[in-house]
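Working notes, structure below.
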Amino acid sequence: MTGRAAPMIDCGGTPCQTAPGLHLCFPGEPMAVRRALGQVLGWLRDDGIGPGDCGNVEIVLAEVLNNITEHAYDGGETGPVKLSVAHHRGELCLQLQDQGRAIPAIVLPAQDATPICPEPQDLSEGGFGWFLIHALTRDLCYCRDGATNCLKLRLRLEDTARQG
Amino acid sequence: MELLTEERGDTLLVTVMDDRVDAAVAIQFKDRMRELTATPHPRVVMDLSRVAFLDSSGLGAVVAVMKLLTPGRSLDLAGLTPTVAKVFRLTRMDTIFTIHDSLAAALPPGADAA
């Protein structure tokens with residue numbers, strides 16, 4: 001399920017190093033997302049990434065991929081998802097491309113760090129996804145090139161020994 | 001989505017056997033939990049020690065289960081694994097739910113299995 005290296009689209013953020021790295025292409029549906037996450041985690045562990053950092057990547061990627069399958073492709077025809085993962089200078093770079101609908105601008109800015117905790121009966125059952133993405137990524141960059149969404153995220157490695 | 005239930009005194013123990021509670025199974029999880037918790041037990045304990053990963057869909061489903069319980073019934077969580085615990089901590093849901101380090105800590109001593 002590997003594809004070509006994802007082309008770099010400069011959307012003003014610092015570009016990721018995409019090669020060498022892991023490159024996957026898979027359909028935007030839940031079981032394929034699970035398999036892709038498994039492949040990413042195996043690659044990270046083989047690369048010496050520590051369990052805490054692996055957990056952070058799993059959380060971020062699961063949320064981003066859920067957004068793609070549920071909102072970008074929105075229950076209609078699903079489409080391909082291209083995912084690249086690179087490990088570079090103490091950071092992990094994730095790049096995702098899909099052919100779904102554009103991300104609404106309202107979810108993109110980093111949100112207030114403190115979620116509101118109302119009475120239990122009033123608790124929201126949703127909306128946690130983007131909060132988790134922002135909480136765990138150093139920065140993210142989104143752009144749309146024609147019909148393609150491109151999302152780049154960077155995570156700082158916290159518990160992985162710095163590689164010389 | 002495999003959920004096992006067991007009665008421990010006035011506590012309904014629900015063991016989640018799947019290793020992921022995520023977008024792929026969140027709806028089934030919520031529906032199955034609704035069925036299983038339609039009992040008189042005032043206390044429900046959910047054993048999550050076999051769950052390696054839970055995303056925001058899974059979190060939303062656990063919140064929905066808590067809201068489904070009628071007033072006066074409680075939902076406690078036990079045995080959160082590291083990544084699952086991190087999701088609860090980051091979203092501050094660890095202040096909403098009573099979370100026990102282990103199943104033994106969640107269950108009252110001397111309450112025998114049915």
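Of note:
- In chain B, Cα pairs under 8 Å separated by at least six residues give a relative contact order of 29 percent.
- Ascending count of other beta-carbon atoms within 10 Å, so fewest first, for A:ILE133, B:ILE96: B:ILE96, A:ILE133
- Among residues other than A:GLY28 with Cβ under 15 Å from its Cβ, the summed charge is -3 (Lys and Arg +1, Asp and Glu -1).
- Each of A:GLU29 and A:GLU158 was given a label point 7 Å from its Cα along the Cα-to-Cβ line. The distance between the two points is 3.5 nm.
- Packing, taken as the mean count of other beta carbons within 10 Å per residue, orders the peptides A:83-95, B:32-44 from highest to lowest as A:83-95, B:32-44.
- Between helix B:56-68 and chain B: long-axis angle, C-alpha atoms, 0 to 90°, nearest 10: 30
- Helix B:26-36 axis, angle to chain B major axis (alpha carbon atoms, nearest 10°): 10
- Helix-derived mean residue ellipticity, 222 nm - over chain B, DSSP H n ≥ 4, -39500 (n - 2.57), to 500: -9500 deg cm²/dmol
- Ratio Rg/Rh [Cα only; Rh per Kirkwood] for chain B: 0.93
- Cα-projected label distance for A:ALA102 with B:LEU4, points at 7 Å along beta-carbon direction, nm: 5.2
- Within straight-line reach of A:LYS152, meaning a Cα separation under 26 Å, sit the following lysines at least 8 residues removed in sequence or on another chain: A:LYS82, B:LYS86.
Every number here is computed from the coordinates shown, using simple stated rules; none is lab data. Being a predicted model, the structure only gives us computed values, none of them experimental. With ideal geometry, Cβ positions are generated from the backbone for all residues, glycine too; neighbour counts draw on all protein chains shown.
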